[in-house]
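Enquirer: Pasting a structure here, questions to come.
The values are calculated or read from the model by the stated rules, or taken from the named source; none is laboratory data. Note that this is a predicted model, so its numbers are computed, not measured. Backbone-built Cβ (ideal geometry, glycine too); neighbour counts: all protein chains shown. Just the protein is used for accessible areas: all its heavy atoms, side chains included, with ligands, DNA and RNA removed. Shrake-Rupley method; radii C 1.70, N 1.55, O 1.52, S 1.80 Å.
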Amino acid sequence: YGSEQASVKAALGVTAPGSKVSKLSKLAPELDGVSTEDPGPAIRLDLDDLAGELCLLDWGSGPASVSERNQDLPVHTMMNGRVTLTDALEGNGLGKWSQRLVTLEDNPLVLPLPPVDDQPIRGDMADIPKALAHIQDDWNSGNSMNRLTAWNLGRQLKNRLAKKLRGELPAGAVDILVTGCEASLWVGEQFVADMHMSFKKLVVKSISSNKVLGLLGQEFSMPQLGHQITEGGWDLTDSIVLLVSHSGGTFASLNVSKLLQASS
């Protein structure tokens, strides 16, 4: 589980000293009734590591311990006043503070880590039928996020091909760009190969997220010598970009999503 998203879930279900014990009291009876205050559900905040962001956590009462010249930085109170969070963010930010917080408990989109298996390879192989059945049931349900995403992808492709027929886009402009890192990129490359076989007139490309960042995400571009992507070589205007990431937090893929927002 080598990802930031997985690491912050590792402590879920563990009762911290001084926290309220409710449904977990049966698991930790020695801590029952330690505190009458509930600090609230566990949350996750993803820092903007592309533009640059720092957060200062101050535990206890009193004002945040920031320097005088940083007194104007936004300060947020969390855990029922037990901690303050001072946020220093470069650029325009990622949206409203409340919308950036991801609830880790009682969230149907955030699943707990699976139990530890003494034979992880055997466990992974045993999970394959269940995982495939889950995928099929999800698509067959008719109201899943996968179905909604596929419908939106088809609509965007239809609109884009119509623009090419009207001459509003160059024929060689990239219709779909698939990017990722390592194993995720390999899955994306197979998807691109399948798309080429099924839709001959679609311009579908796959490239490493690191190469996209190196070429387009630096003040001085880093030429990707020996690779098909070059500065000005691919027309990515309004291209559909698919980012493949198992964790959703891979540095390069996450920052490509921010980089290409203005052009795709």
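Enquirer: Multiply the residue separation of residue 242 and residue 126 by 0.36 nm, subtract the distance between their alpha-carbon atoms, and state the gained length in nm to one decimal.
Expert: 38.8 nm
Enquirer: On to the next question. How large is the accessible surface of residue 203 in square angstrom, using a 1.4 angstrom probe and rounding to the nearest 10?
Expert: 30
Enquirer: Additional query: Residue separation times 0.36 nm, minus the C-alpha to C-alpha distance between residue 98 and residue 162: what's the value?
Expert: Here the answer is 19.1 nm.
Enquirer: Can you sort 151, 234 by solvent-accessible area, 1.4 Å probe, largest first?
Expert: The ordering from most to least exposed comes out as 151, 234.
Enquirer: Then there is this: Would you work out if the stretch 56-185 is rounded, prolate or oblate? Take a ≥ b ≥ c from the square roots of the eigenvalues of the alpha-carbon gyration tensor; rounded if a/c is under 1.5, else prolate when a/b is larger than b/c, oblate otherwise.
Expert: Taking the square roots of the gyration eigenvalues as a ≥ b ≥ c, the stretch 56-185 is oblate.
Enquirer: Continuing with this model, one more query. Pulled fully out, how much extra length does the chain show between residue 7 and residue 68, if you take 0.36 nm times their separation in residues and subtract their Cα-Cα distance?
Expert: Full-extension gain reported as 18.5 nm.
Enquirer: Hey, another quick one. Take residue 79 and residue 251, extend 7 Å from each Cα along the Cα→Cβ direction, and tell me the distance between the two endpoints in nm.
Expert: Placing both labels 7 Å along Cα→Cβ, they lie 2.8 nm apart.
Enquirer: Please work out whether the stretch 128-224 counts as rounded, prolate or oblate from its C-alpha gyration tensor, where a ≥ b ≥ c are the square roots of the eigenvalues and a/c under 1.5 means rounded, while otherwise a/b larger than b/c means prolate and anything else oblate?
Expert: oblate
Enquirer: While we're on this one: Take the residue pairs 9/96; 211/258; 201/258; 164/200; 158/201; 163/201 and return only those whose Cα atoms are more than 18 Å apart.
Expert: 9/96; 201/258
Enquirer: Between residue 109 and residue 148, with labels modelled 7 Å along Cα→Cβ, what's the label distance in nm to one decimal, could you check?
Expert: Distance between label points: 0.9 nm.
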